[in-house]
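Computed from the coordinates by the stated procedures, all read-outs in this text should not be read as laboratory data. The structure presented is a predicted model; accordingly, all values stated were derived computationally and were not measured. Don't worry about glycine lacking a Cβ; one is built from the backbone with ideal geometry, like all the others, and counts go over all protein chains shown.
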Amino acid sequence: MALALAACATTPPDPALLNNARAAIEQAEVAGAREYAPLELRLARERLDRAQAELERGQADASRRLSDEAEIEAQLALARTQAAITRAELAQRQRDLEQLRQDLVEAFGEEALER
């Protein structure tokens, strides 16, 4: 009888369930999400905290759902961060190009831009 009861006992939820969300949050942080996507990063951390709490309560399904949401929010933070960095790099290159054009005009006149 004891063996039957032991076999029916639920196994505790696996803490590794949260690893993907943790990794996604870390990746977003390393990329600069604190500066470029702070709201999304905060939401991801909050969901991860709630997922951890649900996991500790033995609520694996709720924990998995919240962990998935945290991972998605962290991926959004990463995407927004990468987009912001790319926009900043583009703006810098446009400024550099404009400076180069001005330098060419000063050195060779307007004709240098007509070719």
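Dipole orientation for the chain: of the candidates G32, L97, A51, A51 has the Cα lying most toward the positive pole (charges on Cβ; Lys, Arg +1; Asp, Glu -1). Treating each Cα of the chain as an identical point scatterer and summing with the Debye formula, the log10 of I(q)/I(0) at q = 0.24 Å⁻¹ comes to -1.13. Its DSSP H runs of at least 4 residues, each contributing -39,500 (n - 2.57), put the calculated 222 nm mean residue ellipticity of the chain at -27500 deg cm²/dmol, to the nearest 500.
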